[in-house]
1. I'd like the orientation of helix 136-146 relative to the chain: the angle between its Cα long axis and the longest Cα principal axis, in ° from 0 to 90, rounded to 10.
2. If I model a spin label at Arg165 and His147 as a point 7 Å from the Cα along the Cα→Cβ vector, what separation in nanometres do I get?
3. With a bin width of 10 angstrom, please list the P(r) values of segment 176-287 as percents of all Cα-Cα pairs, from the 0 bin to the one holding the largest distance.
4. Along the charge dipole of segment 226-287, pointing to its positive end and built from +1/-1 on Cβ of Lys, Arg, Asp and Glu, which listed residue (Phe270, Thr283, Val238) has its Cα farthest out?
5. Mind checking the dipole of the chain: about its Cα centre, +1 per Lys or Arg Cβ, -1 per Asp or Glu Cβ, Debye to the nearest 20?
6. With just the Cα atoms defining each centre, how far is segment 220-287 from segment 144-175? Give it in Å.
7. Within the chain, what percent of beta bridges assigned by DSSP are antiparallel, to the nearest 5?
8. So between Lys274 and Asp110, what do we pick up on full extension, going 0.36 nm a residue minus the alpha carbon distance?
Amino acid sequence: MSTMAEVIEPTAGTISAADLASSQHSRATVGDVTVADPRMTCRGVDVWYGAKQAIKGVSLDIGKHEVVSMIGPSGCGKSTFLRCLNRMNDTIDGCRVTGSIKLDDVDIYDAGLDPVPLRAQVGMVFQKPNPFPKSIYENIAYGPRIHGLTNNKAELDDLVETSLRKAGLWEEVKDRLDQPGTGLSGGQQQRLCIARTIAVSPEVILMDEPCSALDPIATAIIEELIDELREHYSIAIVTHSMQQAARVSQRTAYFHLGDLIEVGETNDIFTNPKHKLTEDYITGRFG
């Protein structure tokens, strides 16, 4: 892959001159941040928590039918950036986001855009499984019901089954759909949450360390599932496990102190990193 360092200045908008000067000190990203067929495009994204800048001029495409892994040390901004992709940061007081983030060429931060349907299009699977305190069936049916995605009980039943099948959970739960989702094992709960995300027909699935609370067997099942889901969805995953990033993703982005340092094909990042910070991190010399 050819390398391309680019600096895209952040949108000034509501930030002060001092903030703008600070954000312009962000590092140039090594590697090509673009893809030929993007589902989401991010350009010059800055994130501020009050006076603290957490993300500095990050630009990155998320392609159709690909998994992008975001790696880096704790506090580097990868989860903050992930939450920008479906406006989850809107819920944090004092957080402001500038720059451009588009889903299928639509600006997701447009003042007239409702974030609720956006979060159906760009679903989130969290670090800790968080099934609703409802039955397995109702965990899946809840989203399609409130978004009006089905017309009758038969259609809803079909959607519940299809979602559970896509999440690799149907055969394990088909005879106990009326039992609480919270009664499943940790790995099953995480697959239930993935099925719940799938049920509202997303285009993009965001995963924030989805296996960190799971045992190795459950982790392997989720990783295999991620590879299968790539056929239908774009996936962005934050992980602290470089082995996991190497197994599940086609492209990898390395973050450091709010900067996107390097992005490229996963195999290239792990075998031939171009930036010293990336090399130091993946070889264990960082810090």
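None of the figures in this text is laboratory data; all of them are computed from the coordinates on show. Not measured: the values here are computed from a predicted model. With ideal geometry, Cβ positions are generated from the backbone for all residues, glycine too; neighbour counts draw on all protein chains shown.
1. 70 degrees
2. Spacing of the two 7 Å Cα→Cβ label points: 1.9 nm.
3. Final binned percentages: 12, 40, 31, 13, 4, 0.
4. The Cα lying farthest towards the positive end belongs to Thr283.
5. Details: 28 positive and 39 negative charges, 122 e Å.
So the magnitude is around 580 debye.
6. Using only Cα atoms to place each centre, the spacing works out to 32 Å.
7. Working: 26 of 44 bridges.
Bridges in the chain are about 60 percent antiparallel.
8. Working: separation 164, 0.36 × 164 = 59.04 nm, distance 3.58 nm.
Result for the pair: 55.5 nm of gain on full extension.
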